[in-house]
Amino acid sequence: AGGAYIPPFRLKQMMAEAQDKSSPEYQRMTWEGLKKSINGLVNKVTKTNMPMIIKELLSHNMVRARGLYARSVMKAQLASPAFSSVYAALTAVINTKLPENGETVVKRVVGQFRRSYKRNDKPVCTAMVRFIAHLINQQVAHEILGLQLLTVLLEKPTDDSVELAVSFVKEAGCAMQQLSPQGLHAIFERFRGVLHEGQIDKRVQYMIEGLFAVRKTNFAEFPALEPELDLVDADDQITHELSLDDQIDPEPALDIFHVDPAFEEHESQWAEMKRELLGEDSGDEGGAESGSGEDESESEDEDGAAKTQDIQDETETDLVNLRRTIYLTIQSSMQADEAAHKLMKLQIKPEQTKELLRMIVECGMQERTYMKYYGVLAERFCKVKREHGEIFDELFAQYYATVHRLETNKLRNVAKIFAHLLHSDSMPWSCLEYILLNEEETTSSSRIFIKILFQEISEYMGLTKLKERMEDQFLSQHFQGLFPRDNPRNTRFAINFFTSIGLGGLTEGLREHLKNLPKMIMQAQEDSDSSSSSSSSSSSSSSSSSSSSSSSNKRPAKKKRP
């Protein structure tokens, strides 16, 4: 195993076939397996699986792997500083069982901070400061180390050093306020002095002011320990009192393989220690055997209950895996036809089709400039099934409603993808009914979206064909929001908008409507007046006829002559 890769099954086979358990070859194989196991377990640890990872770690020889564990934890923390609290909690639990391992981690973290601070390596220094803060929260490191670190950072304040000090106090301030309130008060006084001196950048001054606001709330937003990571009792905590001035030996030789003459003896000692740590008692075997029947029956009942229980995954793991698969498939294809062929072979469920089409738009959205590749890919899916075009219609409504949340570059790419689908007749033009072009119902982002959309369509179709499409008698009902005629103000707004983006030819109908609007209003008034006059004349004539009839009835009859 001298640097060459050996598959895991082959490594197990070689270890099983090894006759001499104390030979250098066997020790090297176990060392390589130990290194891979610890590195993998440390990389997998989270808040939820912490107890399981701790048991698996303690099942390995952690005395022999003291240097390997410290190296793996520091490497993982440097790669993901946001998980510093998780790695500190893991170290705190290991520290209660094996204090030497915790001390090695603290030594190496302090040494790494010294080196990065001298080299002005801000990323590494920031990660180490954060790790030290969470080690103090878990009381693996003493609070004096934190006070010394803050004193060094604020002794000659610069923008970077003050920024590091502020982040440290936010992470560890709650614990230090309980452990050393006077020391934390002195640090805040120093912060106040730096703020009054005014020699640092305005941005950093605002950070200090924000820190004082956090202090007033007693660090309510930055608790020392999260409930999921409070795993060690106060009586079991072992604190290592190291300072920045101590002569620290990081023991780098622990990371390198060495042949152990007493390998078998040390392994047997670790086996006994492991049983004590994990609580694996070998006694009471008879009692266990006598009660085995009851245990088996209980386990069978539990298995039956587990089989009938439905497990619902609310972490959306399947959705994340689907999106990852779609993304990798799209990015690994050279042409749109190849990508469409690969995606259709994924056997995606009908309810996941919308997510697939959304991913095509989002992948195109992330590019720096628009790539026709994504528009052609979306067109291929629309040509395969008509339902896909209807789904893109829904996506158009969703993206237009939230277009104000997109950056300008992403907004441009989305608009050009939908423009490609429209000019190729891949999705229905009725989607444009979601657009209401007036001053009240549009924003600057939505107006940019409409501008890019229509300019792109005009570039492909030409202004003449686009105008014919806009005046289509079957589709015109869907374009009433784009070319409003309900209000002269909205009509003028639409005319000015399309004219300003170079598509004034589309507004000839609106201009004619606006030109004839006064005549239409006058005609409507005349019609209303004529109708009212005709009704009044009819009523007057009816009244006159009724009066004449009544007068004729009242006239006396002539007397006959004798």
Exercise for the section: Search the structure for amide H atoms under 5 Å from the amide H of HIS240, placed 1.01 Å from N in the peptide plane, and list their residues when 5 or more places away or on another chain. Expected result: ALA141, HIS142
Exercise for the section: Report the FRET efficiency, 1/(1 + (r/R0)^6), for GLU264 and THR158, where r is their Cβ-Cβ distance and R0 is 45 Å, rounded to 0.05. Expected result: 0.20
Problem - Across LYS345/LYS410; LYS349/LYS385; LYS97/LYS274; LYS118/LYS156, pairs whose alpha-carbon gap is larger than 18 Å - result: LYS345/LYS410
Fill in the blank from the handout: By the C-alpha gyration tensor axes a ≥ b ≥ c (rounded if a/c is under 1.5, else prolate when a/b exceeds b/c, else oblate), the shape of the stretch 194-248 is oblate
Fill in the blank from the handout: With label points set 7 Å from each Cα along the Cα-to-Cβ direction at THR402 and MET520, the distance between them in nm comes to 3.8
Handout entry: Fraction of accessible area attributable to carbon and sulfur, the stretch 363-433 (%, probe 1.4 Å)
Key = 45
Handout entry: Residue-normalised accessible area of the stretch 353-441, given per residue in Å² at a 1.4 Å probe
Key = 44
Exercise for the section: Name all residues of the stretch 84-119 having a backbone nitrogen under 20 Å from the label point set 7 Å from the Cα of VAL63 along its Cα→Cβ direction, giving them as ranges. Expected result: 93-105
Practice task
Grab the beta carbon distance between GLN13 and GLN335, set R0 = 30 Å, and tell me the FRET efficiency rounded to 0.05.
Solution key: 0.10
Handout entry: Segment LYS75-ASP201, length gained on full extension (0.36 nm per residue, minus Cα span)
Key = 42.2 nm
Problem - Per residue value of the accessible surface for the stretch 210-277 (all protein chains in place, 1.4 Å probe), Å² - result: 69
Exercise for the section: Report the full-extension gain for the segment GLU440 to GLN477: residue separation times 0.36 nm, less the Cα-Cα distance, to one decimal in nm. Expected result: 11.2 nm
Handout entry: ³J(HN,Hα), Karplus 6.51/-1.76/1.60, whole Hz, each residue of the stretch 485-491, x for Gly, Pro
Key = 10, 7, 9, x, 5, 5, 5
Problem - Computed accessible area, LEU242, all protein chains, 1.4 angstrom probe, square angstrom - result: 30
Handout entry: Contour minus Cα-Cα distance for LEU346 and GLU228 (0.36 nm per residue)
Key = 38.6 nm
Handout entry: Under Karplus coefficients 6.51, -1.76 and 1.60, residue-wise ³J(HN,Hα) of the stretch 37-49 in Hz, glycine/proline x
Key = 5, 5, 4, x, 5, 5, 6, 8, 5, 9, 5, 7, 9
Exercise for the section: Could you look at the stretch 80-224 and say what percent of its accessible area is carbon and sulfur, using a 1.4 Å probe and all protein chains? Expected result: 50
Exercise for the section: Report the label-to-label distance for LYS122 and THR317 in nanometres (one decimal), using points 7 Å from each Cα along the Cα→Cβ vector. Expected result: 3.9
Completion exercise
Here, VAL384 and GLU276, labelled 7 Å along Cα→Cβ, have an inter-label distance in nm of 6.3
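The values are calculated or read from the model by the stated rules, or taken from the named source; none is laboratory data. Since we're looking at a predicted model, the values are computed, not measured. Neighbour counts are summed over all protein chains in view; Cβ atoms, including those assigned to glycine, are modelled from backbone coordinates with ideal geometry. When the accessible area is computed, the model is the full protein with side chains, heavy atoms only, and any ligands, DNA or RNA have been set aside. Shrake-Rupley method; radii C 1.70, N 1.55, O 1.52, S 1.80 Å.
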